[in-house]
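Student: Starting off with a structure, shown below.
Quick note: the coordinates plus some simple rules give every number you see, no bench work behind them. None of these values were measured; they are calculated from a predicted model. Quick reminder, even Gly has a Cβ in these numbers, built from the backbone with ideal geometry, and neighbours come from all protein chains shown.
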Amino acid sequence: MPQYTMTIGGASVSGDASFGVVDPALGTVHAEAPDCGPGQLDAAFEAAALAYRSWRKNENARRKALHAAGDLLMSKANELAPVLTREQGKPLKDAAFEIIGSGYWLKHFADMAIPYEVIRDDDAAFVEVIRRPMGVVAAITPWNFPLMLACWKVAPALLAGNTMVLKPSPYTPLTTLAFGAMMREVLPPGVLNVVSGQDPLGARMTAHPVPRKITFTGSVATGKRVAEAAASDLKRVTLELGGNDPAIVLDDADPARVAPKIFDFAFQNNGQLCSAIKRVYAPARLYDDVVEALAAVAREVKVGNGLHEGVQYGPVNNKPQFDRVTELVDDAVGRGARAVAGGKRVEGPGYFYEPTVLAGAEDGFRIVDEEQFGPALPVIRYTSLDDVVERANGSHFGLCGSVWGTDVERASQVAGDLECGTAWVNTHFAVHPDQPFGGHKWSGVGSENGRLGLEGFTEVQVRHRAKS
Ligand code: NAD
């Protein structure tokens with residue numbers, strides 16, 4: 001079995017113990033990851049605190065280092081892609097795309113301006129608003145896009161002058177550990193520490209006295225626990241949490257044109273994307289056509305081991321998630337929905353589930369109201385536009401949404417009525433390092449990416465110089 005180690009203070013560190021990492025295409029353990037002990041976590045935070053003293057002082061050096069980090073990561077995409085595929089399940093080409101995209105994110109932030117403003121310059125005073133780094137950041141990530149979501153944090157946090165202790169999900173620790181090892185070549189010791197372990201390690205990080213900021217991506221339930229843990233020490237938090245994105249198809253849409261795109265955005269990464277389309281609202285007049293067009297794509301796509309040529313969709317990442325998708329589909333079918341495509345697991349080893357399109361789904365069904373986070377998409381019929389917007393908004397979630405139609409102005413107005421952090425028109429999950437990304441309501445606190453995301457890793461300092 002390949003050996004993976006943590007990165008603490010620039011050194012390679014084995015865990016006090018280890019835990020198995022399952023290949024979801026086979027359902028069996030294929031690697032061991034280090035289990036970070038309490039003393040090792042203290043050492044990681046101490047290393048980050050020590051490195052912070054000099055890292056924060058030289059902005060140019062930070063920009064150069066982030067460029068080097070991005071270049072190095074991109075150059076290793078082919079080597080790293082099978083590691084990501086084996087632990088996460090996604091096809092090799094998607095894994096390579098995630099790695100290259102992560103490198104791109106590091107390089108893009110390397111050139112981003114750190115906000116600075118002179119708000120007064122007169123006879124009496126010169127007043128600047130400066131963005132200072134916060135110190136040590138604790139970063140915690142989920143299993144769906146382990147490297148990309150880590151780099152959404154690493155890039156702005158390090159650019160702003162912070163140092164970091166990063167913990168990936170126990171389901172997908174390997175790519176992030178390998179990334180940490182790679183970064184030893186281009187970042188000063190202690191700037192980026194990568195530790196791995198089970199969920200309690202995350203809780204120990206949020207309770208630790210050293211970090212001043214917690215940046216967390218994961219579920220709503222865990223996000224609330226993170227916020228509680230942070231509150232007693234007034235640590236700053238950014239929370240990127242779950243979503244239940246609606247796609248509203250308007251009555252002037254062409255089902256044949258929009259359905260394949262909606263399918264892509266619903267099943268990307270096998271539906272395991274915070275901002276995948278998770279429920280489709282189709283007008284009664286077009287309902288059957290939308291359902292059939294989605295199902296036609298679902299029946300055609302190739303599901304299989306992500307390491308194999310031509311596979312478009314891999315397995316669900318882990319057994320609990322696989323069981324959850326199964327349970328939500330069974331619940332919907334039990335309440336009268338019809339699986340027009342899929343509807344059951346793929347026989348054999350691994351956590352494969354058929355791409356599933358559910359007709360006859362309704363608000364109030366668990367798969368409509370909850371986050372399924374898997375390859376199953378409910379389609380809900382509507383008759384009144386006002387009513388459907390209300391139903392789309394009638395959720396604790398508010399991550400993203402999209403509106404699909406031929407009259408773009410009208411679609412855009414409807415998008416404006418959605419209570420969510422990003423509202424797209426005729427697309428979904430179009431993201432960019434300059435574009436802030438965050439959720440309303442239970443989908444999050446704060447933003448990642450863009451100027452707002454960068455500011456989230458800083459504290460404001462007003463510097464006021466008297467002139468007289
Ligand atoms: P999760 O909440 O179970 O775990 C996320 C991370 O938190 C893991 O690293 C886990 O080990 C750690 N953790 C667990 N308990 C903790 C605790 N008490 N304190 C601190 N850390 C703890 O989520 P998951 O199942 O890995 O990921 C799926 C969820 O993530 C979905 O809800 C999805 O929508 C969400 N997500 C959101 C975004 C976004 O940007 N909004 C992006 C991707 C995924």
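Student: Mind checking the dipole of the range 122-255: about its Cα centre, +1 per Lys or Arg Cβ, -1 per Asp or Glu Cβ, Debye to the nearest 20?
Tutor: Dipole about the Cα centre, nearest 20: 900 debye.
Student: Tell me the mean residue ellipticity at 222 nm calculated for the chain from its helices only (DSSP H runs of n ≥ 4, each -39500 (n - 2.57), averaged over every residue, nearest 500).
Tutor: -12000 deg cm²/dmol
Student: Let me ask another. Work from the charge dipole of the chain (Cβ charges, +1 for Lys and Arg, -1 for Asp and Glu, about the Cα centre) and give the residue of PRO115, ALA231, ASN193 farthest towards its positive end.
Tutor: Toward the positive end, the furthest listed residue is ASN193.
Student: What percentages make up the Cα-Cα pair-distance distribution of the range 245-432 when the bins are 10 Å wide from 0?
Tutor: Whole-percent P(r) values from 0 Å outward: 10, 41, 36, 12, 1.
Student: On full extension of the chain, what length is gained from HIS464 through ILE130, given 0.36 nm per residue of separation minus the C-alpha to C-alpha distance?
Tutor: 119.2 nm
Student: May I ask for the distance between the Cα centers of the range 142-163 and the range 206-285, given as a whole number of Å?
Tutor: 17
Student: Compute the acute angle (0 to 90°) between the alpha-carbon long axis of helix 174-183 and the principal axis of greatest extent of the alpha-carbon atoms of the chain; round to the nearest 10°.
Tutor: 30
Student: Could you give me the ³J(HN,Hα) list for the range 228-243, computed from phi with Karplus coefficients 6.51, -1.76, 1.60 and θ = phi - 60°, whole Hz, x at Gly and Pro?
Tutor: The phi angles translate into 5, 5, 6, 4, 5, 10, 6, 5, 6, 9, 10, 10, 10, 10, x, x Hz.
Student: Could I ask something else about it? What GluC sites (Glu not before Pro) does the range 306-355 have in DSSP loop regions with at most 11 other beta carbons within 10 Å?
Tutor: Within the range 306-355, the qualifying GluC sites (Glu not before Pro) (loop, at most 11 other Cβ atoms within 10 Å) are GLU309, GLU347.
Student: Which whole-number percent gives the relative contact order of the chain, counting Cα pairs below 8 Å spaced six or more residues apart?
Tutor: Relative contact order comes out at 18 percent.
Student: Multiply the residue separation of ASP264 and ASP122 by 0.36 nm, subtract the distance between their alpha-carbon atoms, and state the gained length in nm to one decimal.
Tutor: Net length gain for the segment: 45.5 nm.
Student: Take every DSSP beta bridge whose two residues both sit in the chain, then give the antiparallel share in percent to the nearest 5.
Tutor: About 45 percent, rounded to the nearest 5.
Student: Follow-up question, since we're still on this one. Starting from the Cα of PHE97, step 7 Å along the direction of its Cβ; do the same at ASN58; then give the gap between the two resulting points in nm.
Tutor: 3.8
Student: Which pairs, out of LYS107/LYS153; LYS93/LYS167; LYS153/LYS213; LYS76/LYS302; LYS153/LYS235; LYS319/LYS344, put more than 18 Å between their alpha-carbon atoms?
Tutor: With Cα atoms farther than 18 Å apart: LYS93/LYS167; LYS76/LYS302.
Student: Starting from 0 in steps of 20 Å, tell me what percent of the Cα-Cα pairs of the chain lands in each bin.
Tutor: Cα pair-distance distribution for the chain, in percent: 25, 54, 20, 1, 0.
Student: Using the 10 angstrom Cβ neighbour count as an exposure proxy, how do TYR171, TYR116 rank, fewest first?
Tutor: TYR116, TYR171
Student: Taking 0.36 nm per residue of separation and subtracting the Cα-Cα distance, what length does fully extending ASP386 through ASP251 add?
Tutor: Residue separation times 0.36 nm, minus the Cα-Cα distance, leaves 47.3 nm.
Student: For the range 1-68 and the range 420-468, compute the distance between their C-alpha centroids and round to whole Å.
Tutor: Centre-to-centre (Cα) distance: 27 Å.
Student: While we're looking at this one, here's another question. For ASN162, what charge total do you get from the other residues with a beta carbon under 9 Å from its beta carbon, if Lys and Arg give +1 and Asp and Glu give -1?
Tutor: +3
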